[in-house]
Amino acid sequence: MPYLIVQFKGGREQRVELSKSPMVLGRRASCDLQVIDEKVSRKHCQLCEHEGQWYLEDLDSKNHTWMGLERVSEVILATGDEFRIGSTRVTFLTGKIPPEAPDGASSDDTLPETPHDASPEGPGTTGK
């Protein structure tokens, strides 16, 4: 099942399963995914599924929807595609939703220790 990883300004992250179509993103409480961001319109964009393909469509938002440096009005999404609405980054993925990192932890915090981090004194020390 497709899902989104939503990275809000300030670092908070949320994972959202795309369980309906269309799914509207925006500031308004009635949106399917409410995004509290002053640069996001009340109804900013929507994700729609048609014949197995997911589409991202901007809903004539004031600050537009962006993929990289390109402003988009409608685009077919592929797994791994990232788009931005206001200061919020959204990644479209397919498959099973992985568990969320604990509060305050970034995804890098869950990586296994590497040999240079394995010193008894902690990361970045040489043990001398």
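The values are calculated or read from the model by the stated rules, or taken from the named source; none is laboratory data. Please read all numbers here as calculations on a predicted model, not as lab measurements. When we count neighbours, we look across all protein chains shown, and the Cβ atoms used for this are built from the backbone with ideal geometry, even at glycine. Ligands, DNA and RNA are excluded from the accessible area calculation, which covers all protein heavy atoms including side chains. Shrake-Rupley method; radii C 1.70, N 1.55, O 1.52, S 1.80 Å.
Observations on the model:
- Scanning the stretch 29-41 for residues that are within 14 Å of Arg84 (Cβ to Cβ) and surrounded by fewer than 14 Cβ atoms within 10 Å (Cβ to Cβ) returns no hits.
- Checking each residue in the stretch 70-79 for being open to solvent by 60 Å² or more (accessible area, probe 1.4 Å), within 21 Å of Ile5 (Cβ to Cβ) and out of contact with any Phe, Trp or Tyr (no Cβ under 7 Å at 6 or more places or on another chain) picks out only Glu70.
- Condition met for Tyr3 (surrounded by fewer than 16 Cβ atoms within 10 Å (Cβ to Cβ) and modelled with pLDDT of 95 or more): no
- Listed by first and then second residue, the pairs with beta-carbon distance under 9 Å, at least 6 apart or on different chains, first residue in the stretch 56-69 and within 16 Å of Val24 (Cβ to Cβ), second surrounded by fewer than 16 Cβ atoms within 10 Å (Cβ to Cβ) and modelled with pLDDT under 95, form an empty list.
- Output for the stretch 27-48, where each listed residue is touching a residue at least 40 places away in the same chain (Cβ under 8 Å) and either charged (D, E, K, R) or in a strand (DSSP E or B) (or both): Asp37, Glu38, Lys39, Cys45, Leu47
- Residues being open to solvent by less than 80 Å² (accessible area, probe 1.4 Å) and of a type outside the set (Asp, Glu) - total across the stretch 8-28: 12
- Those residues of the stretch 45-63 which are of a type outside the set (A, V, I, L, M, F, W, C) and surrounded by 18 or more Cβ atoms within 10 Å (Cβ to Cβ), in sequence order: Gln46, Asp58, Ser61
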